[in-house]
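To keep things clear, I will list the structure first and then write my remarks on it.
The values are calculated or read from the model by the stated rules, or taken from the named source; none is laboratory data. These numbers were taken from a predicted model, which means no experiment stands behind them. FYI the Cβ positions are ideal-geometry reconstructions off the backbone, even for glycines, and counts take in every protein chain you see.
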Amino acid sequence: MNITTEKVDDLNAILKVELKQEDYQEKVDAQLKDYRKKANIPGFRKGHVPMGMVKKMVGTNLLVEEINKILSESLHKYIQDEKLDVLGNPLPKMGEEDKIDWENQTDFEFRYDLGLAPQFDVKIGDKYKFDYFKIKVAEKDVDKYVNDVAKRYGKMSNPEVAEADDMVFGKFEELDGTGNIKEGGISHSSVIIIEAVTDKKLQKALVGAKSGDTYDVDPRTISPQVKDQAAALGVDESTFATIISKFKFTVDKVNRVIPAELNTELFDKLYGPGAVKDVKEFRAKISEELGRGLSVDADRKLKADVQDELIKKLKLDLPNEFLKRWIVASNEKPITPEQIEAEYDDYAKGLKWQLIENKIIKDNDVKVEHEEVIEHTKGLLAQQMAGMGMPNNDDEQLTETANRVLENEEEARNIYMMMYDNKLMTLYKNSFRLKEKEISYDDFVKLAYEKK
(Lines give C-alpha, C1' and ligand atoms only; values in the text may rest on other atoms or scores of the structure.)
Protein backbone atom coordinates (compact mmCIF):
# COMPACT_ATOMS: atom_id res chain seq x y z
CA MET A 1 0.00 0.00 0.00
CA ASN A 2 1.19 3.50 -0.81
CA ILE A 3 -0.38 6.72 0.52
CA THR A 4 0.65 10.17 -0.72
CA THR A 5 -0.60 13.72 -0.30
CA GLU A 6 -0.65 16.32 -3.05
CA LYS A 7 -1.20 19.88 -1.83
CA VAL A 8 -3.62 21.92 -3.95
CA ASP A 9 -3.20 25.11 -1.91
CA ASP A 10 -2.72 26.08 1.75
CA LEU A 11 -6.21 24.85 2.67
CA ASN A 12 -6.85 21.92 0.32
CA ALA A 13 -5.04 18.70 -0.58
CA ILE A 14 -5.65 15.44 -2.44
CA LEU A 15 -4.79 12.22 -0.66
CA LYS A 16 -4.09 9.14 -2.84
CA VAL A 17 -4.16 5.53 -1.67
CA GLU A 18 -2.72 2.83 -3.95
CA LEU A 19 -3.85 -0.64 -2.93
CA LYS A 20 -2.33 -3.81 -4.38
CA GLN A 21 -3.93 -7.24 -4.28
CA GLU A 22 -1.44 -8.47 -1.67
CA ASP A 23 -2.60 -5.66 0.66
CA TYR A 24 -6.09 -7.09 1.07
CA GLN A 25 -6.33 -10.63 -0.39
CA GLU A 26 -5.34 -12.53 2.75
CA LYS A 27 -8.05 -10.81 4.81
CA VAL A 28 -10.66 -11.31 2.10
CA ASP A 29 -9.79 -15.01 1.84
CA ALA A 30 -10.16 -15.35 5.61
CA GLN A 31 -13.61 -13.76 5.44
CA LEU A 32 -14.62 -16.10 2.59
CA LYS A 33 -13.49 -19.17 4.56
CA ASP A 34 -15.36 -18.00 7.62
CA TYR A 35 -18.52 -17.41 5.58
CA ARG A 36 -18.19 -20.88 4.00
CA LYS A 37 -18.02 -22.52 7.46
CA LYS A 38 -21.23 -20.82 8.61
CA ALA A 39 -23.28 -20.77 5.36
CA ASN A 40 -26.48 -22.81 5.21
CA ILE A 41 -27.10 -23.47 1.51
CA PRO A 42 -29.81 -25.97 0.46
CA GLY A 43 -28.23 -29.09 -1.10
CA PHE A 44 -24.89 -28.73 0.69
CA ARG A 45 -23.67 -29.80 4.09
CA LYS A 46 -22.64 -26.94 6.36
CA GLY A 47 -19.01 -26.08 5.67
CA HIS A 48 -18.92 -27.95 2.33
CA VAL A 49 -20.27 -25.30 -0.04
CA PRO A 50 -17.89 -25.01 -3.06
CA MET A 51 -15.62 -21.95 -2.65
CA GLY A 52 -16.44 -20.92 -6.22
CA MET A 53 -20.12 -20.64 -5.28
CA VAL A 54 -19.26 -18.69 -2.11
CA LYS A 55 -17.17 -16.23 -4.14
CA LYS A 56 -19.96 -15.81 -6.65
CA MET A 57 -22.52 -15.21 -3.91
CA VAL A 58 -20.66 -12.86 -1.53
CA GLY A 59 -17.16 -12.38 -2.90
CA THR A 60 -17.64 -8.84 -4.16
CA ASN A 61 -19.49 -7.71 -1.02
CA LEU A 62 -16.77 -9.10 1.23
CA LEU A 63 -14.07 -7.49 -0.95
CA VAL A 64 -15.73 -4.07 -0.73
CA GLU A 65 -16.29 -4.45 3.02
CA GLU A 66 -12.69 -5.48 3.73
CA ILE A 67 -11.15 -2.77 1.54
CA ASN A 68 -13.31 -0.13 3.22
CA LYS A 69 -12.04 -1.31 6.62
CA ILE A 70 -8.43 -1.16 5.41
CA LEU A 71 -8.96 2.33 3.96
CA SER A 72 -10.60 3.66 7.12
CA GLU A 73 -7.83 2.37 9.40
CA SER A 74 -5.02 3.38 7.03
CA LEU A 75 -6.30 6.91 6.43
CA HIS A 76 -6.71 7.55 10.16
CA LYS A 77 -3.20 6.24 10.91
CA TYR A 78 -1.62 8.17 8.01
CA ILE A 79 -3.20 11.47 9.07
CA GLN A 80 -1.99 10.93 12.64
CA ASP A 81 1.52 9.81 11.64
CA GLU A 82 1.98 12.68 9.19
CA LYS A 83 0.49 15.14 11.71
CA LEU A 84 -1.88 16.54 9.08
CA ASP A 85 -4.07 19.24 10.62
CA VAL A 86 -7.31 18.39 8.82
CA LEU A 87 -10.83 19.75 9.13
CA GLY A 88 -13.68 17.26 8.92
CA ASN A 89 -12.90 13.89 7.33
CA PRO A 90 -11.45 12.91 3.92
CA LEU A 91 -14.11 12.98 1.18
CA PRO A 92 -13.84 10.46 -1.68
CA LYS A 93 -13.41 12.08 -5.08
CA MET A 94 -16.24 11.15 -7.43
CA GLY A 95 -14.83 11.91 -10.89
CA GLU A 96 -14.91 9.62 -13.91
CA GLU A 97 -11.34 8.46 -13.21
CA ASP A 98 -12.35 7.46 -9.66
CA LYS A 99 -14.89 4.82 -10.69
CA ILE A 100 -14.07 1.30 -9.48
CA ASP A 101 -14.77 -1.96 -11.29
CA TRP A 102 -15.11 -4.21 -8.24
CA GLU A 103 -15.73 -7.32 -10.33
CA ASN A 104 -12.54 -7.18 -12.39
CA GLN A 105 -9.96 -4.89 -10.77
CA THR A 106 -7.27 -6.31 -8.52
CA ASP A 107 -5.23 -3.14 -7.94
CA PHE A 108 -6.98 0.06 -6.87
CA GLU A 109 -6.34 3.77 -6.51
CA PHE A 110 -8.57 5.84 -4.25
CA ARG A 111 -8.44 9.64 -4.12
CA TYR A 112 -9.77 11.85 -1.36
CA ASP A 113 -10.21 15.59 -0.91
CA LEU A 114 -8.76 16.93 2.33
CA GLY A 115 -9.61 20.21 4.02
CA LEU A 116 -6.61 21.64 5.88
CA ALA A 117 -6.76 23.88 8.94
CA PRO A 118 -5.24 27.34 8.48
CA GLN A 119 -1.83 27.88 10.08
CA PHE A 120 -1.64 30.97 12.28
CA ASP A 121 -0.17 32.47 15.45
CA VAL A 122 -2.20 34.07 18.20
CA LYS A 123 -0.39 35.98 20.92
CA ILE A 124 -2.58 37.15 23.75
CA GLY A 125 -1.35 40.10 25.76
CA ASP A 126 -1.98 43.70 26.73
CA LYS A 127 -2.06 44.88 23.12
CA TYR A 128 -5.71 43.82 23.31
CA LYS A 129 -8.00 46.04 25.38
CA PHE A 130 -11.52 45.12 26.54
CA ASP A 131 -14.19 46.55 28.79
CA TYR A 132 -15.00 44.40 31.82
CA PHE A 133 -18.36 45.18 33.36
CA LYS A 134 -19.02 45.28 37.07
CA ILE A 135 -22.78 44.77 37.25
CA LYS A 136 -24.45 46.45 40.21
CA VAL A 137 -27.01 44.50 42.20
CA ALA A 138 -30.13 46.67 42.45
CA GLU A 139 -32.28 46.80 45.58
CA LYS A 140 -35.32 45.72 43.52
CA ASP A 141 -33.46 42.53 42.54
CA VAL A 142 -32.71 41.80 46.20
CA ASP A 143 -36.36 42.52 47.08
CA LYS A 144 -37.60 40.09 44.44
CA TYR A 145 -35.20 37.35 45.57
CA VAL A 146 -36.19 37.85 49.23
CA ASN A 147 -39.88 37.57 48.32
CA ASP A 148 -39.26 34.45 46.22
CA VAL A 149 -37.36 32.77 49.06
CA ALA A 150 -40.05 33.69 51.58
CA LYS A 151 -42.73 32.18 49.32
CA ARG A 152 -40.68 29.06 48.63
CA TYR A 153 -40.45 28.34 52.36
CA GLY A 154 -43.93 29.65 53.15
CA LYS A 155 -47.11 27.81 54.09
CA MET A 156 -50.19 27.10 52.00
CA SER A 157 -53.59 28.43 53.05
CA ASN A 158 -57.06 28.20 51.46
CA PRO A 159 -58.91 31.51 51.73
CA GLU A 160 -62.48 31.77 50.50
CA VAL A 161 -61.83 34.46 47.88
CA ALA A 162 -58.90 34.67 45.42
CA GLU A 163 -56.57 37.67 45.15
CA ALA A 164 -54.27 38.60 42.24
CA ASP A 165 -51.25 36.61 43.43
CA ASP A 166 -53.19 33.46 44.39
CA MET A 167 -53.75 30.16 42.59
CA VAL A 168 -57.14 28.54 41.93
CA PHE A 169 -57.43 24.74 41.93
CA GLY A 170 -60.29 23.17 40.02
CA LYS A 171 -61.47 20.91 37.21
CA PHE A 172 -61.04 21.46 33.45
CA GLU A 173 -63.85 19.89 31.38
CA GLU A 174 -63.82 19.90 27.57
CA LEU A 175 -66.77 21.59 25.85
CA ASP A 176 -68.44 20.64 22.56
CA GLY A 177 -69.40 23.05 19.79
CA THR A 178 -72.62 24.03 21.56
CA GLY A 179 -70.93 24.94 24.84
CA ASN A 180 -71.94 21.79 26.70
CA ILE A 181 -69.57 19.37 28.42
CA LYS A 182 -68.33 16.94 25.75
CA GLU A 183 -69.19 13.30 26.37
CA GLY A 184 -65.92 11.33 26.69
CA GLY A 185 -63.95 14.58 26.47
CA ILE A 186 -60.91 15.63 28.50
CA SER A 187 -61.52 16.06 32.23
CA HIS A 188 -58.64 16.92 34.53
CA SER A 189 -58.11 18.69 37.83
CA SER A 190 -55.27 21.20 37.97
CA VAL A 191 -54.29 24.67 39.08
CA ILE A 192 -54.34 28.09 37.43
CA ILE A 193 -51.77 30.66 38.60
CA ILE A 194 -53.67 33.92 38.24
CA GLU A 195 -50.53 36.02 37.61
CA ALA A 196 -49.53 33.70 34.73
CA VAL A 197 -52.82 34.02 32.78
CA THR A 198 -52.19 35.81 29.47
CA ASP A 199 -55.88 36.66 28.81
CA LYS A 200 -56.22 39.90 30.81
CA LYS A 201 -60.02 39.65 30.87
CA LEU A 202 -59.89 36.15 32.36
CA GLN A 203 -57.12 37.18 34.75
CA LYS A 204 -59.27 40.03 36.06
CA ALA A 205 -62.30 37.74 36.37
CA LEU A 206 -60.38 35.19 38.44
CA VAL A 207 -59.62 37.81 41.10
CA GLY A 208 -62.47 37.28 43.53
CA ALA A 209 -63.02 33.64 42.48
CA LYS A 210 -64.40 31.27 45.11
CA SER A 211 -65.32 27.59 45.35
CA GLY A 212 -68.04 26.62 42.85
CA ASP A 213 -67.43 29.50 40.43
CA THR A 214 -67.19 28.49 36.76
CA TYR A 215 -65.35 30.04 33.81
CA ASP A 216 -65.16 29.24 30.10
CA VAL A 217 -61.46 29.26 29.25
CA ASP A 218 -59.15 28.77 26.30
CA PRO A 219 -56.35 26.59 27.76
CA ARG A 220 -53.81 28.44 25.60
CA THR A 221 -54.31 31.55 27.72
CA ILE A 222 -53.75 30.11 31.20
CA SER A 223 -49.95 30.30 30.89
CA PRO A 224 -47.35 31.60 28.42
CA GLN A 225 -45.68 28.15 28.41
CA VAL A 226 -47.08 25.37 26.18
CA LYS A 227 -45.82 22.68 28.56
CA ASP A 228 -47.84 24.26 31.39
CA GLN A 229 -50.93 24.57 29.19
CA ALA A 230 -50.71 20.86 28.30
CA ALA A 231 -50.02 19.83 31.93
CA ALA A 232 -53.16 21.68 33.08
CA LEU A 233 -55.24 19.34 30.89
CA GLY A 234 -53.18 16.24 31.79
CA VAL A 235 -51.98 15.64 28.22
CA ASP A 236 -48.61 15.74 26.46
CA GLU A 237 -47.60 18.63 24.20
CA SER A 238 -48.14 16.69 20.94
CA THR A 239 -51.72 15.86 21.98
CA PHE A 240 -52.30 19.41 23.19
CA ALA A 241 -51.34 20.75 19.74
CA THR A 242 -54.40 18.99 18.26
CA ILE A 243 -56.92 20.39 20.79
CA ILE A 244 -59.15 23.22 19.57
CA SER A 245 -61.92 23.00 22.18
CA LYS A 246 -62.77 25.51 24.88
CA PHE A 247 -63.02 24.26 28.46
CA LYS A 248 -65.21 24.83 31.47
CA PHE A 249 -63.14 25.46 34.61
CA THR A 250 -64.90 24.93 37.96
CA VAL A 251 -63.10 26.31 41.02
CA ASP A 252 -62.70 23.81 43.85
CA LYS A 253 -60.55 25.89 46.19
CA VAL A 254 -58.23 28.89 46.37
CA ASN A 255 -54.56 28.31 47.22
CA ARG A 256 -52.55 31.09 48.80
CA VAL A 257 -48.92 30.99 49.88
CA ILE A 258 -48.27 32.76 53.16
CA PRO A 259 -44.61 33.84 52.95
CA ALA A 260 -42.26 32.59 55.64
CA GLU A 261 -41.20 35.12 58.23
CA LEU A 262 -37.72 36.55 57.78
CA ASN A 263 -36.35 35.24 61.04
CA THR A 264 -33.59 33.09 62.52
CA GLU A 265 -35.49 29.86 61.76
CA LEU A 266 -35.48 30.66 58.02
CA PHE A 267 -31.88 31.93 58.00
CA ASP A 268 -30.62 28.80 59.76
CA LYS A 269 -32.54 26.60 57.34
CA LEU A 270 -30.94 28.36 54.37
CA TYR A 271 -27.35 28.91 55.52
CA GLY A 272 -26.82 26.82 58.60
CA PRO A 273 -27.06 27.73 62.31
CA GLY A 274 -25.72 31.16 63.19
CA ALA A 275 -24.41 32.03 59.70
CA VAL A 276 -26.95 34.86 59.25
CA LYS A 277 -28.27 36.73 62.29
CA ASP A 278 -30.77 39.29 60.97
CA VAL A 279 -32.56 40.69 57.91
CA LYS A 280 -29.70 43.08 57.15
CA GLU A 281 -27.19 40.21 56.98
CA PHE A 282 -29.73 38.12 55.02
CA ARG A 283 -30.08 40.83 52.37
CA ALA A 284 -26.29 41.26 52.24
CA LYS A 285 -25.91 37.51 51.69
CA ILE A 286 -28.45 37.54 48.88
CA SER A 287 -26.77 40.56 47.30
CA GLU A 288 -23.47 38.65 47.39
CA GLU A 289 -25.05 35.57 45.77
CA LEU A 290 -26.69 37.66 43.05
CA GLY A 291 -23.35 39.40 42.49
CA ARG A 292 -21.65 36.07 41.87
CA GLY A 293 -24.30 35.21 39.32
CA LEU A 294 -23.88 38.58 37.61
CA SER A 295 -20.10 38.10 37.47
CA VAL A 296 -20.77 34.97 35.40
CA ASP A 297 -22.74 37.16 32.98
CA ALA A 298 -19.87 39.65 32.88
CA ASP A 299 -17.39 36.85 32.13
CA ARG A 300 -19.66 35.57 29.37
CA LYS A 301 -19.71 39.06 27.82
CA LEU A 302 -15.92 39.30 28.02
CA LYS A 303 -15.54 35.93 26.32
CA ALA A 304 -17.88 37.01 23.51
CA ASP A 305 -15.90 40.25 23.04
CA VAL A 306 -12.58 38.34 23.00
CA GLN A 307 -14.01 35.91 20.47
CA ASP A 308 -15.26 38.67 18.14
CA GLU A 309 -12.00 40.63 18.39
CA LEU A 310 -9.65 37.70 17.73
CA ILE A 311 -11.72 36.39 14.82
CA LYS A 312 -11.71 39.89 13.31
CA LYS A 313 -7.97 40.45 13.84
CA LEU A 314 -6.73 37.03 12.68
CA LYS A 315 -8.87 36.92 9.51
CA LEU A 316 -8.61 33.12 9.23
CA ASP A 317 -9.41 31.53 5.87
CA LEU A 318 -11.14 28.16 5.69
CA PRO A 319 -11.54 25.56 2.90
CA ASN A 320 -15.14 26.71 2.51
CA GLU A 321 -16.22 24.63 -0.48
CA PHE A 322 -14.75 21.47 1.06
CA LEU A 323 -16.46 22.16 4.39
CA LYS A 324 -19.85 22.70 2.72
CA ARG A 325 -19.50 19.33 0.98
CA TRP A 326 -18.41 17.70 4.22
CA ILE A 327 -21.39 19.10 6.14
CA VAL A 328 -23.75 17.61 3.55
CA ALA A 329 -21.93 14.25 3.58
CA SER A 330 -21.76 13.96 7.37
CA ASN A 331 -25.29 15.17 8.16
CA GLU A 332 -27.65 12.41 9.22
CA LYS A 333 -30.63 14.16 7.61
CA PRO A 334 -30.72 15.52 4.05
CA ILE A 335 -29.64 19.15 3.87
CA THR A 336 -30.28 21.47 0.93
CA PRO A 337 -27.79 23.89 -0.68
CA GLU A 338 -30.06 26.72 0.50
CA GLN A 339 -29.78 25.55 4.11
CA ILE A 340 -26.00 25.30 3.79
CA GLU A 341 -25.72 28.87 2.48
CA ALA A 342 -28.09 30.20 5.16
CA GLU A 343 -26.26 28.55 8.06
CA TYR A 344 -22.65 28.39 6.86
CA ASP A 345 -21.46 31.78 8.13
CA ASP A 346 -22.43 30.90 11.72
CA TYR A 347 -20.81 27.47 11.35
CA ALA A 348 -17.60 29.02 9.98
CA LYS A 349 -17.47 31.57 12.80
CA GLY A 350 -17.84 28.79 15.39
CA LEU A 351 -15.13 26.71 13.70
CA LYS A 352 -12.72 29.67 13.54
CA TRP A 353 -13.19 30.30 17.25
CA GLN A 354 -12.66 26.62 18.03
CA LEU A 355 -9.35 26.72 16.12
CA ILE A 356 -8.26 29.92 17.88
CA GLU A 357 -9.24 28.64 21.33
CA ASN A 358 -7.45 25.32 20.78
CA LYS A 359 -4.34 27.24 19.71
CA ILE A 360 -4.49 29.39 22.86
CA ILE A 361 -4.86 26.28 25.02
CA LYS A 362 -1.88 24.62 23.34
CA ASP A 363 0.42 27.67 23.27
CA ASN A 364 -0.29 28.56 26.90
CA ASP A 365 -0.17 24.98 28.19
CA VAL A 366 -3.68 25.17 29.65
CA LYS A 367 -4.47 21.77 31.15
CA VAL A 368 -7.27 20.24 33.18
CA GLU A 369 -6.06 17.27 35.20
CA HIS A 370 -8.34 14.40 36.26
CA GLU A 371 -7.74 15.10 39.96
CA GLU A 372 -8.94 18.69 39.46
CA VAL A 373 -12.10 17.43 37.75
CA ILE A 374 -12.82 15.10 40.69
CA GLU A 375 -12.45 17.96 43.20
CA HIS A 376 -14.56 20.31 41.08
CA THR A 377 -17.30 17.69 40.74
CA LYS A 378 -17.26 17.11 44.49
CA GLY A 379 -17.75 20.85 44.99
CA LEU A 380 -20.73 20.87 42.63
CA LEU A 381 -22.28 17.92 44.45
CA ALA A 382 -21.76 19.58 47.84
CA GLN A 383 -23.47 22.75 46.57
CA GLN A 384 -26.43 20.74 45.28
CA MET A 385 -26.87 18.96 48.59
CA ALA A 386 -26.61 22.21 50.54
CA GLY A 387 -29.24 23.77 48.24
CA MET A 388 -31.63 20.89 49.05
CA GLY A 389 -30.94 21.19 52.77
CA MET A 390 -29.10 17.87 52.87
CA PRO A 391 -26.06 17.32 55.08
CA ASN A 392 -22.70 17.02 53.33
CA ASN A 393 -21.45 13.49 52.89
CA ASP A 394 -17.95 12.73 54.07
CA ASP A 395 -15.09 13.15 51.61
CA GLU A 396 -14.91 9.46 50.70
CA GLN A 397 -18.61 9.31 49.79
CA LEU A 398 -18.35 12.53 47.77
CA THR A 399 -15.37 11.11 45.85
CA GLU A 400 -17.29 7.92 45.05
CA THR A 401 -20.30 9.92 43.86
CA ALA A 402 -18.09 12.21 41.74
CA ASN A 403 -16.49 9.20 40.06
CA ARG A 404 -19.93 7.78 39.26
CA VAL A 405 -21.02 11.10 37.75
CA LEU A 406 -17.89 11.22 35.57
CA GLU A 407 -18.58 7.74 34.21
CA ASN A 408 -21.29 9.43 32.15
CA GLU A 409 -19.44 10.67 29.04
CA GLU A 410 -21.73 13.64 28.47
CA GLU A 411 -21.52 14.78 32.09
CA ALA A 412 -17.73 14.37 32.07
CA ARG A 413 -17.39 16.32 28.81
CA ASN A 414 -19.54 19.17 30.15
CA ILE A 415 -17.49 19.42 33.36
CA TYR A 416 -14.17 19.35 31.47
CA MET A 417 -15.45 22.10 29.13
CA MET A 418 -16.58 24.17 32.10
CA MET A 419 -13.16 23.87 33.72
CA TYR A 420 -11.33 24.76 30.51
CA ASP A 421 -13.62 27.80 30.19
CA ASN A 422 -12.75 28.83 33.75
CA LYS A 423 -9.01 28.47 33.16
CA LEU A 424 -9.19 30.38 29.89
CA MET A 425 -11.16 33.16 31.57
CA THR A 426 -8.43 33.46 34.23
CA LEU A 427 -5.83 33.59 31.45
CA TYR A 428 -7.75 36.33 29.62
CA LYS A 429 -8.12 38.42 32.77
CA ASN A 430 -4.40 38.11 33.53
CA SER A 431 -3.27 38.75 29.94
CA PHE A 432 -5.53 41.35 28.34
CA ARG A 433 -5.83 45.00 29.34
CA LEU A 434 -9.22 45.26 31.05
CA LYS A 435 -11.00 48.52 31.80
CA GLU A 436 -13.57 48.00 34.55
CA LYS A 437 -16.91 49.74 34.04
CA GLU A 438 -19.74 49.79 36.57
CA ILE A 439 -23.16 49.30 35.02
CA SER A 440 -26.72 48.53 36.12
CA TYR A 441 -28.12 45.12 35.30
CA ASP A 442 -30.82 46.57 33.03
CA ASP A 443 -28.23 48.55 31.04
CA PHE A 444 -25.99 45.49 30.87
CA VAL A 445 -28.81 43.40 29.40
CA LYS A 446 -29.41 46.05 26.74
CA LEU A 447 -25.71 46.18 25.93
CA ALA A 448 -25.14 42.43 25.88
CA TYR A 449 -28.29 41.06 24.31
CA GLU A 450 -30.04 43.70 22.22
CA LYS A 451 -29.40 43.47 18.47
CA LYS A 452 -26.76 45.86 17.32
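Go through 49, 58, 54 for me and flag whichever is within 45 Å of the chain's Cα centre (by Cα), in the same structural domain as residue 104 (by TED's automatic domain parsing) and among the hydrophobic types (A, V, I, L, M, F, W, C).
On the way: 49 fails: within 45 Å of the chain's Cα centre (by Cα); 54 fails: within 45 Å of the chain's Cα centre (by Cα).
Unique residue meeting the criteria: 58.
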Point to revise | Any pair with Cβ under 9 angstrom, 6 or more apart, that starts in the stretch 353-375 at a residue that is exposed (fewer than 11 other Cβ atoms within 10 Å of the Cβ) and ends at one that is hydrophobic (A, V, I, L, M, F, W, C) and part of a helix (DSSP H, G or I) | key: 367/361; 370/406
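Of all residues in the stretch 106-119 being surrounded by 13 or more Cβ atoms within 10 Å (Cβ to Cβ) and either on the phi > 0 side of the Ramachandran plot or in a loop (DSSP other than H, G, I, E, B) (or both), which is farthest from the chain's Cα centre (by Cα)? Even if it seems obvious, please write down each step before you answer.
Restricting attention to the stretch 106-119, the residues satisfying the condition of being surrounded by 13 or more Cβ atoms within 10 Å (Cβ to Cβ) are 108-118.
From what's left, either on the phi > 0 side of the Ramachandran plot or in a loop (DSSP other than H, G, I, E, B) (or both): 117-118.
Details: 117: 25, 118: 27 Å.
My answer is 118.
Does residue 290 fit the bill of being touching a residue at least 60 places away in the same chain (Cβ under 8 Å) and touching a Phe, Trp or Tyr at 6+ places or on another chain (Cβ under 9 Å)? It would help to see each step written out before you state the result.
Working: touching a residue at least 60 places away in the same chain (Cβ under 8 Å): yes; touching a Phe, Trp or Tyr at 6+ places or on another chain (Cβ under 9 Å): yes.
So residue 290 passes the test.
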**Study point:** Of all residues making up the stretch 131-170, the number that are in contact with a Phe, Trp or Tyr (Cβ under 7 Å, 6 or more places away or on another chain) and assigned by TED's automatic domain parsing to the domain that holds residue 212
**Key:** 1
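Select from the stretch 124-133 the residues that are touching a helix residue (DSSP H, G or I) at 6+ places or on another chain (Cβ under 8 Å) and assigned to a loop (DSSP other than H, G, I, E, B) and write down the one among them that is farthest from residue 322 (Cα to Cα).
Applying the first criterion (touching a helix residue (DSSP H, G or I) at 6+ places or on another chain (Cβ under 8 Å)) to the stretch 124-133 yields 124-126, 128, 130-133.
Right, trim to assigned to a loop (DSSP other than H, G, I, E, B) and you get 124-126, 128.
Details: 124: 30, 125: 34, 126: 36, 128: 33 Å.
Among those that are touching a helix residue (DSSP H, G or I) at 6+ places or on another chain (Cβ under 8 Å) and assigned to a loop (DSSP other than H, G, I, E, B), it is 126.
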Exercise for review: List every residue pair whose Cβ atoms lie under 8 Å apart, where the two residues are 6 or more positions apart in sequence or sit on different chains, the first residue falls within the stretch 120-145 and is among the hydrophobic types (A, V, I, L, M, F, W, C), and the second residue, located anywhere, is assigned to a loop (DSSP other than H, G, I, E, B).
Suggested key: 120/316; 124/364; 124/432; 130/432
Exercise for review: Starting from residues that are touching a residue at least 40 places away in the same chain (Cβ under 8 Å) and exposed (fewer than 13 other Cβ atoms within 10 Å of the Cβ), keep the ones in the stretch 319-350 and report whichever is farthest from the chain's Cα centre (by Cα).
Suggested key: 329
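When you scan the stretch 293-306, do you find a residue that is of a type in the set (Ser, Thr, Tyr) and either more than 30 Å from residue 8 (Cα to Cα) or in the same structural domain as residue 13 (by TED's automatic domain parsing) (or both), even just one? Show your work before the answer.
Just the residues of the stretch 293-306 that are of a type in the set (Ser, Thr, Tyr), to begin with: 295.
Add one more test, that the residue is either more than 30 Å from residue 8 (Cα to Cα) or in the same structural domain as residue 13 (by TED's automatic domain parsing) (or both), and what stays is 295.
Among the residues of the stretch 293-306, at least one is of a type in the set (Ser, Thr, Tyr) and either more than 30 Å from residue 8 (Cα to Cα) or in the same structural domain as residue 13 (by TED's automatic domain parsing) (or both), which makes the answer yes.
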Exercise for review: Looking at (1) surrounded by 12 or more Cβ atoms within 10 Å (Cβ to Cβ); (2) over 30 Å from residue 323 (Cβ atoms), find the lone condition where residue 65 falls short.
Suggested key: (2)
**Study point:** Qualifying residues in the stretch 289-304 (those that are surrounded by fewer than 16 Cβ atoms within 10 Å (Cβ to Cβ) and among the aliphatic types (A, V, I, L, M)) - the one farthest from residue 263 (Cα to Cα)
**Key:** 304
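Filter the helices (runs of 4 or more DSSP H) completely within the stretch 196-288 down to those with at least 2 residues that are buried (at least 16 other Cβ atoms within 10 Å of the Cβ). Working first, answer last.
Numbers: elements: 200-206, 226-233, 237-240, 264-271.
Where helices (runs of 4 or more DSSP H) fall fully within the stretch 196-288 and carry at least 2 residues being buried (at least 16 other Cβ atoms within 10 Å of the Cβ), they are 200-206, 226-233, 264-271.
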Revision key, fill the gap. (1) of a type in the set (A, V, I, L, M); (2) at pLDDT below 90; (3) more than 30 Å from residue 446 (Cβ to Cβ) all hold for residue 137 apart from (3)
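Can you find a residue in the stretch 431-448 that is at pLDDT 90 or above and in a helix (DSSP H, G or I)?
Of all residues in the stretch 431-448, those at pLDDT 90 or above come to 431-439.
Next, only the ones that are in a helix (DSSP H, G or I) stay: 431.
For the stretch 431-448, residues at pLDDT 90 or above and in a helix (DSSP H, G or I): present.
Is it the case that some residue within the stretch 166-176 is assigned to a helix (DSSP H, G or I), in contact with a Lys or Arg (Cβ under 6 Å, 6 or more places away or on another chain) and at pLDDT below 95?
Initial filter on the stretch 166-176 (assigned to a helix (DSSP H, G or I)): none.
For the stretch 166-176, residues assigned to a helix (DSSP H, G or I), in contact with a Lys or Arg (Cβ under 6 Å, 6 or more places away or on another chain) and at pLDDT below 95: absent.
Could you tell me which of the residues 220, 283 is under 30 Å from residue 199 (Cβ atoms) and outside the structural domain of residue 360 (by TED's automatic domain parsing)? Give the steps one after another, and end with the answer.
Working: 283 fails: under 30 Å from residue 199 (Cβ atoms).
Selected residue: 220, the only one of 220, 283 that is under 30 Å from residue 199 (Cβ atoms) and outside the structural domain of residue 360 (by TED's automatic domain parsing).
Would you mind stating whether residue 410 is in the same structural domain as residue 300 (by TED's automatic domain parsing), touching a residue at least 40 places away in the same chain (Cβ under 8 Å) and of a type in the set (D, E, K, R)? Before you say what the answer is, go through the steps one by one.
On the way: in the same structural domain as residue 300 (by TED's automatic domain parsing): yes; touching a residue at least 40 places away in the same chain (Cβ under 8 Å): no; of a type in the set (D, E, K, R): yes.
When the stated conditions are applied, residue 410 does not pass them.
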Practice item. Only residues in the stretch 307-318 that are without any contact (Cβ under 8 Å) to a residue 60 or more places away in the chain count as the first member; pair them with residues that are surrounded by fewer than 17 Cβ atoms within 10 Å (Cβ to Cβ), Cβ under 8 angstrom, at least 6 apart or cross-chain, and list the lot. Key: 311/349
Point to revise | Residues of the stretch 1-51 satisfying the condition of being surrounded by 13 or more Cβ atoms within 10 Å (Cβ to Cβ) and under 30 Å from residue 318 (Cβ atoms) | key: 3, 5, 8, 11, 12, 13, 14, 15, 16, 17, 18
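Among 290, 310, which is the only one that is modelled with pLDDT of 95 or more, closer than 26 Å to residue 447 by Cα and either among the polar types (S, T, N, Q) or more than 23 Å from the chain's Cα centre (by Cα) (or both)? Write out each step before concluding.
Numbers: 290 fails: modelled with pLDDT of 95 or more.
Matching residue, one of 290, 310: 310.
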